[in-house]
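Undergrad: Sharing a structure here in structure tokens format.
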Amino acid sequence: MKPVMQLFAAAAATAVFSASVIAAPVANEAPDALVKRISADVIDSVKADKDIQAGNRAKIMDLVNSKILPYVDAQKMTQQAAGRHWRSATPEQQQKLTQEFRTLLVYTYAGALSTIKNETVEFKPMRSSPSDTDVEVRSQVNVSRGEPITLNYRLSKGDQGWKIYDVNVLGAWLVQTYTSTFNSEISKNGVDGLIKRLAERNAQLASKPLAAPAK
Amino acid sequence: MKHTVTLSRLRACAAAAAVLALSGCATTGNQQDPLEGYNRAVFSFNDAVDRTVLKPTATAYKNVVPGFAQTGVNNFFGNLSDAWSSINNFLQGKVEDGGTDFGRFALNSTFGIFGLLDIASEAGMPKHNEDFGQTLGKWGVPSGPFLMLPLLGPSTVRDTAALPADFAGDIWKYKDPTHVRNIGAGVRIIDKRATLLDASNLLEEAALDRYEFLRDGYLQRRQSQVYDGDVPRQANDDAGADAAGDANSQVVPQPVSVEKK
């Protein structure tokens, strides 16, 4: 448990560091091209790696940290989920909250990644003009059984190029789905209460094996 | 005299208690969920049934039944729902989608051997899942408060009102004899739950409060279905979120409904 956390902390630190350094060369990449590239890259990596399909946590975390996190604006996600409470939080609280929320999203995403099998992703045409700084990239995941899964992304353009700040799965935006819980938890126990709750959940998820892949 | 006063007081108390029980202690005060106390109680009940009966059965079904058989079951009931989906598309004025769904039903019921094979999808005819709740939504009926139904799960007042029509539009309901109908209905539920196993495992990890997560996710999803995925940004922000407030107003609204070619 402890080595895993250390590894994770190291990986997270690397990701944060590399995010601030590497992102520059692709700053001019169009938002839909960016999402397409990340998505293809991640799916190929999962399909090529038996360990990941088997639920190897370290490898999955590594994948999320190196290929996805550099393109995610975790602070913006957290800020939006916290809503009006964000401004009443101290900078340290904001930072801690962002860190815990990002970790939870990484765990969740890692769980989803290990279930990838024969899915293909299909992107829909963009509806934005080149001058936009806030766009939605729409795609769907075609699964072998059942109707396709909607998977849309919201991106905004900053100094380091485009970054994802919200994801829509099956018609529901992730940030908005967390808004109620963030709001009620902060109202009841303050920002520190929410940080504590997120940290507890993360510790719980860290000690639990990833969902075993379906046969 | 005194006696009657006590009685009427008692009655008032009982009425107040009933109202309280129904509305619960809605401390968070989500505007779309005035019945949160009641809904949470039903959620706990549903969850207990799921954990003890439904989820274990569905997990066994997924692991034991061969993949092709599961696909067949899924296709068979999916095909029956295409017929009702087709009617709802026509009711919503979506003639092309309605035609496609009817075509799917006709093709899969015949060449797809009673719907066991979904050859229409392979022929490039996409499936649309439309129900009467979505039709009402399209007609402008607001969703009303969130409602957690016993065994049936998350819903809204509008979608619950639409349920009798959806039940009546379900072809399997008219299947004779009764025991075949009941067994079929059971298999259908287990198969449905099996397809949701990955999603529900994910929900357990991602949610701090599963009830709230499910509620807010469901309300957004239903609205997205009513708009067929093209929810106007403002309308989407109104759904489920009472505290999105100023955070969302920082986002530059975009004309998502304008098609640029």
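Just so you know, all these numbers are worked out from the coordinates, no wet-lab data involved. Predicted, not measured: the structure shown is a model, and the values here were computed from it. All Cβ positions, even for glycine, are placed from backbone atoms using ideal geometry, and neighbour counts span all protein chains on display.
Undergrad: Evaluate the distance, in nm, between pseudo-label points positioned 7 Å from the Cα of A:Asn189 and of A:Ile149 along their respective Cα→Cβ axes.
TA: Taking the simple label geometry, A:Asn189 and A:Ile149 are separated by 3.0 nm.
Undergrad: Per residue of region A:156-170, in order, report the coupling 6.51 cos²θ - 1.76 cosθ + 1.60 (Karplus, θ = phi - 60°) as ³J(HN,Hα) in whole Hz, putting x for Gly and Pro.
TA: Working through the residues one at a time gives 10, 9, x, 4, 9, x, 6, 9, 6, 10, 7, 10, 10, 10, 6 Hz.
Undergrad: Quick one: which residues, 5 or more positions from B:Thr156 or on another chain, have an amide H under 5 Å from its amide H? H modelled 1.01 Å from N in the peptide plane, none for Pro or chain starts.
TA: Excluding prolines and chain starts, which carry no amide H, the hits are B:Leu147.
Undergrad: Can you tell me the FRET efficiency between A:Lys124 and A:Ser66 if r is taken as the Cβ-Cβ distance and R0 is 41 Å, rounded to the nearest 0.05?
TA: 0.90
Undergrad: Summarise the partner chain shielding of B:217-223 as one whole number: the mean count of Cβ atoms from other chains within 10 Å of each residue's Cβ. Before the final figure, lay out each step's value.
TA: Values: counts 9, 4, 4, 9, 7, 2, 2.
Mean partner shielding for this stretch: 5.
Undergrad: Is the shape of region A:59-215 rounded, prolate or oblate, going by the alpha carbon gyration tensor and its root eigenvalues a ≥ b ≥ c, with a/c under 1.5 for rounded and a/b larger than b/c for prolate?
TA: Verdict is oblate for region A:59-215.
Undergrad: Mind checking B:204-215 for the average number of partner chain beta-carbons within 10 Å of each residue's beta-carbon?
TA: Details: counts 3, 12, 13, 6, 12, 6, 1, 2, 9, 5, 2, 2.
Mean shielding by partner chains, rounded to a whole number: 6.
Undergrad: To the nearest whole number, what is the average tally of beta carbon atoms from other chains within 10 Å of the beta carbons of peptide B:111-122?
TA: What the average comes to for B:111-122 is 0.
Undergrad: Post the alpha-carbon centroid distance, region B:58-128 to region A:69-96, in whole angstrom.
TA: Region B:58-128 and region A:69-96 have Cα centres spaced 44 Å from each other.
Undergrad: Would you grab the residues whose amide H sits under 5 Å from the one on A:Gly158? Only those 5+ places off in sequence or on another chain, please, with H modelled 1.01 Å from N.
TA: HN-HN under 5 Å from A:Gly158: A:Lys163.
Undergrad: Here's another thing I want to ask about it. Output wanted: per-residue J couplings in Hz (rounded whole) for region A:129-136, from phi through Karplus 6.51 cos²θ - 1.76 cosθ + 1.60, θ = phi - 60°, x for Gly and Pro.
TA: 9, x, 7, 5, 10, 9, 9, 10
Undergrad: For A:Thr133, what charge total do you get from the other residues with a beta carbon under 13 Å from its beta carbon, if Lys and Arg give +1 and Asp and Glu give -1?
TA: -1
Undergrad: Now for a separate question. Taking the Cβ-Cβ separation of B:Ala60 and B:Ala199 as r and a Förster radius of 22 Å, what is the calculated FRET efficiency to the nearest 0.05?
TA: 0.75
Undergrad: Using the Karplus curve 6.51 cos²θ - 1.76 cosθ + 1.60 with θ = phi - 60°, work out ³J(HN,Hα) for each residue of region A:50-67 in order, rounded to whole Hz, and write x for Gly and Pro.
TA: 4, 4, 5, 4, 7, x, 5, 4, 4, 5, 5, 4, 4, 4, 4, 5, 8, 9
Undergrad: Could you work out the relative contact order of region A:53-183? I mean the mean sequence separation of Cα pairs under 8 Å and 6+ apart, divided by the number of residues, in percent.
TA: Reported as a whole number, the value is 25 percent.
Undergrad: Pick out, from A:Gly158, A:Tyr109, A:Asn56, the residue whose Cα sits farthest towards the positive end of the charge dipole of region A:32-163, with +1 on the Cβ of Lys and Arg and -1 on the Cβ of Asp and Glu.
TA: Farthest along the dipole direction, towards plus: A:Tyr109.
Undergrad: Now, a different point. Measure off 7 Å from each Cα along the Cα-to-Cβ vector at A:Asn142 and A:Asn28, then give the distance between these two points in nanometres to one decimal.
TA: 3.4 nm
Undergrad: For labels at B:Lys192 and B:Phe111 in the simple 7 Å Cα→Cβ model, what's the distance in nm?
TA: 3.0 nm
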